[in-house]
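Each value in this text was obtained by applying a stated rule to the coordinates, not by laboratory testing. Note that the coordinates shown come from a computational prediction; the quantities given were computed from them, not determined experimentally. Neighbour counts run over all protein chains shown; Cβ positions are idealised from the backbone, glycine included.
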């Protein structure tokens, strides 16, 4: 019996950690940086102090995109299709600035003013036309009573997970990368 206790004690000591574990802290992403990087696309108007997105490692959190062009003008006042196309175009521009591609987007939340079943169908169909069909993100459509401007009907925010630090040409719609011989 004492041999069994000795063996158990020996195994416990042999398997015990040699140093105390550190308290959990922020984890660095695969790119090695846990420091948030503010992303601002030159082709999308910005509100003072609010970035278009924040990137931490390979994850990009995109702020609410509204239907404005590069000059800050609202596109398609009241026209849901034109506005949805513009917010998706702004999302694509921000993703490129964050060194990603639209196919990296994994989650989209759509804020829709006057969300009727027809309006929801219109937004869904327009987004399907304008996003990467091979890697469609999860989508939530939320009806809201107002948006920043009365003529705005739609706003979206998104989360993306970049597949690498630098997008490859195949994901950008170009020729596939050359294979080494």
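For the range 73-95, a residue qualifies if it is in contact with a strand residue (DSSP E or B) (Cβ under 8 Å, 6 or more places away or on another chain) and farther than 16 Å from residue 137 by Cβ, and the qualifying residues are 74, 75, 80, 83, 86. Does any residue of the range 49-62 turn out to be under 21 Å from residue 124 (Cα atoms) and touching a helix residue (DSSP H, G or I) at 6+ places or on another chain (Cβ under 8 Å)? Taking every residue of the range 49-62 in turn, at least one turns out to be under 21 Å from residue 124 (Cα atoms) and touching a helix residue (DSSP H, G or I) at 6+ places or on another chain (Cβ under 8 Å).
All conditions but one from (1) under 18 Å from the mean Cα position of the chain (by Cα); (2) part of a helix (DSSP H, G or I) apply to residue 123; the one that does not is (1).
Being under 24 Å from residue 57 (Cβ atoms), surrounded by 15 or more Cβ atoms within 10 Å (Cβ to Cβ), touching a residue at least 40 places away in the same chain (Cβ under 8 Å) and in contact with a strand residue (DSSP E or B) (Cβ under 9 Å, 6 or more places away or on another chain) is a property that residue 109 has.
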